[in-house]
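Working notes for the structure below.
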Amino acid sequence: ESRKQQIGKEATSTSEPQIKTNSDNSKFNNEPIAVIGMSGRFPDAADLQSFWELLRQGKDAVREIPIERWDIDKYYNPNPQAEGTSYSKWGAFLNNLEEFDPLLFRISPREAEAMDPQQRIMLELVWETLEIAGYAGNKLTDTETGVFIGATYSHYSRENVPYLHGEAYASLGNSNAILANRLSYFFGLRGPSLTIDTLCSSSLVALHTGVQCLRNGECQQAIVGGVHAGMSLGYYQALSRLGAVSPHGRCRTFDSQADGYVPGEGAGVVLLKPLSQALRDRDYIWGVILGSAVNHGGRASGLTVPNSSAH
């Protein structure tokens, strides 16, 4: 409790001058946004605490592609031009994607089996986030809570097409469009519900959208998350044909030796609320978002190449 009060006082003292509200408290304009709950799942880190320890110890979660995904001895070829192979064998992978308790979320085992792991993971992480924030159970049911999820690619249906063909639950279970909607449906949330796909920036654009909706008074609080899981062989091979992945399994950003990036999996969720409401409700405040923005670099030397002259 003392820590909560301290954080609240710090947030008030540093951010209070920037708060802008009108008399009916329905619009928040440029008010800072409080992070009142969070959870995550990352390679070699099943939760936020283990993720922090991984960072603190400087551990590297990049590894060779595990055999449970696909056989790298069969599909690896250092020749970038070799069809049906990949010249890289590195990535950062989540563990135990098949583990899920469907009955907790009132989902039948058959439906769960046809669901993209990304949908399963987000159900679990939102549950954890609400618990951590003190809003577990049905405390947010029927409230104007928005859901904004960044997700870019559903691998599961592409790898399991023969099994999923004709399966009744496959279309909804493997549609990114339904990802945010499934969360709103299960938790009974009545705010905006959007899945946002802008490739690498999906979760950041989802965060920006959630912040804007809060400031516009379109929702009372916002669940914002991002997920990328279940990387498939076909996806990895396509990245190789594009020449996008590093053959050495290392990202060398802004370095003359840069030769591609390393694909990775992970997921994270935050629960957001306008700072004045969070202070009023005596929420634990993990951090404060002062602003966000979205733009595009315009025309560059290639579709996937950053524009060095853009701001």
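The values are calculated or read from the model by the stated rules, or taken from the named source; none is laboratory data. Not measured: the values here are computed from a predicted model. Every residue, glycine among them, receives a Cβ derived from its backbone with ideal geometry; neighbour counts consider all protein chains shown. The accessibility values were calculated without ligands, DNA or RNA, using every heavy atom of the protein model including side chains. Shrake-Rupley method; radii C 1.70, N 1.55, O 1.52, S 1.80 Å.
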Output the residues belonging to region 127-156 that are more than 22 Å from ALA170 (Cα to Cα) and of a type in the set (Val, Ile, Thr).
-> THR129, ILE132, THR141, THR143, THR145, VAL147
Among what's in region 115-157 and is of a type in the set (D, E, K, R) and farther than 18 Å from THR195 by Cβ, pick the residue that is surrounded by the most Cβ atoms within 10 Å (Cβ to Cβ).
-> GLU128
Leading residue by the ranking (most open to solvent (accessible area, probe 1.4 Å)) among those in region 63-103 that are of a type in the set (A, V, I, L, M, F, W, C) and touching a residue at least 60 places away in the same chain (Cβ under 8 Å) | TRP90
Test GLN237 against the stated conditions and say whether it is open to solvent by less than 30 Å² (accessible area, probe 1.4 Å) and either without any contact (Cβ under 8 Å) to a residue 40 or more places away in the chain or assigned to a helix (DSSP H, G or I) (or both).
-> no
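Please tell me if GLN221 is open to solvent by less than 30 Å² (accessible area, probe 1.4 Å), of a type outside the set (Phe, Trp, Tyr), more than 30 Å from TRP90 (Cβ to Cβ) and over 22 Å from the mean Cα position of the chain (by Cα).
Details: open to solvent by less than 30 Å² (accessible area, probe 1.4 Å): yes; of a type outside the set (Phe, Trp, Tyr): yes; more than 30 Å from TRP90 (Cβ to Cβ): yes; over 22 Å from the mean Cα position of the chain (by Cα): no.
So GLN221 does not fit the description; no.
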Any idea how many residues of region 109-121 are out of contact with any Lys or Arg (no Cβ under 8 Å at 6 or more places or on another chain) and in a helix (DSSP H, G or I)?
-> 7
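For region 275-285, state whether one or more residues are in contact with an Asp or Glu (Cβ under 7 Å, 6 or more places away or on another chain) and modelled with pLDDT of 95 or more. Steps first, please.
Of region 275-285, the ones in contact with an Asp or Glu (Cβ under 7 Å, 6 or more places away or on another chain) are 275-276.
From the residues that got through so far, the ones that are modelled with pLDDT of 95 or more too are 275-276.
Yes.
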Counted residues in region 282-306 being surrounded by 13 or more Cβ atoms within 10 Å (Cβ to Cβ) and more than 21 Å from GLN212 (Cβ to Cβ) come to 2
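Within region 182-210, can you find the residues that are assigned to a helix (DSSP H, G or I), under 23 Å from TYR261 (Cα atoms) and not hydroxyl-bearing (Ser, Thr, Tyr)? I'd like the intermediate steps shown before the answer.
At the first step, the residues of region 182-210 found to be assigned to a helix (DSSP H, G or I) are 182-187, 199-210.
Those left that are additionally under 23 Å from TYR261 (Cα atoms): 199-206.
If the condition is that a residue be assigned to a helix (DSSP H, G or I), under 23 Å from TYR261 (Cα atoms) and not hydroxyl-bearing (Ser, Thr, Tyr), then LEU199, CYS200, LEU204, VAL205, ALA206 are the ones that fit.
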Within region 81-104, which residues are under 27 Å from the mean Cα position of the chain (by Cα) and assigned to a loop (DSSP other than H, G, I, E, B)?
-> SER88, LYS89, PHE93, LEU94, ASN95, ASN96, LEU97, GLU98, GLU99, PHE100, ASP101
Give region 284-311 a look and list any residue that's free of Cβ contacts under 8 Å to residues at least 24 places away in the same chain and closer than 28 Å to THR143 by Cα, or say none.
-> none
Out of (1) under 30 Å from ALA133 (Cβ atoms); (2) touching a residue at least 60 places away in the same chain (Cβ under 8 Å), the odd one out for ASP281 is which?
-> (2)
Mind counting the residues in region 271-303 that are touching a helix residue (DSSP H, G or I) at 6+ places or on another chain (Cβ under 8 Å), of a type in the set (Lys, Arg) and closer than 24 Å to CYS200 by Cβ?
-> 0
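Specify the residue that is modelled with the lowest pLDDT; the eligible residues are those in region 122-152 that are part of a loop (DSSP other than H, G, I, E, B) and under 15 Å from TYR185 (Cβ atoms).
To start, the set of residues in region 122-152 that are part of a loop (DSSP other than H, G, I, E, B) comprises 134-144, 151-152.
When the remaining residues are screened for being under 15 Å from TYR185 (Cβ atoms), the result is 138, 140-143.
Working: ASN138: 85, LEU140: 95, THR141: 95, ASP142: 96, THR143: 96.
Top of the filtered list is ASN138.
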In this structure, does ALA229 turn out to be in contact with an Asp or Glu (Cβ under 6 Å, 6 or more places away or on another chain), at pLDDT below 95 and either of a type outside the set (Asp, Glu) or surrounded by 21 or more Cβ atoms within 10 Å (Cβ to Cβ) (or both)?
-> yes
Does LEU179 fit the bill of being within 18 Å of the chain's Cα centre (by Cα), modelled with pLDDT of 85 or more, within 21 Å of LEU214 (Cα to Cα) and open to solvent by 40 Å² or more (accessible area, probe 1.4 Å)?
-> no
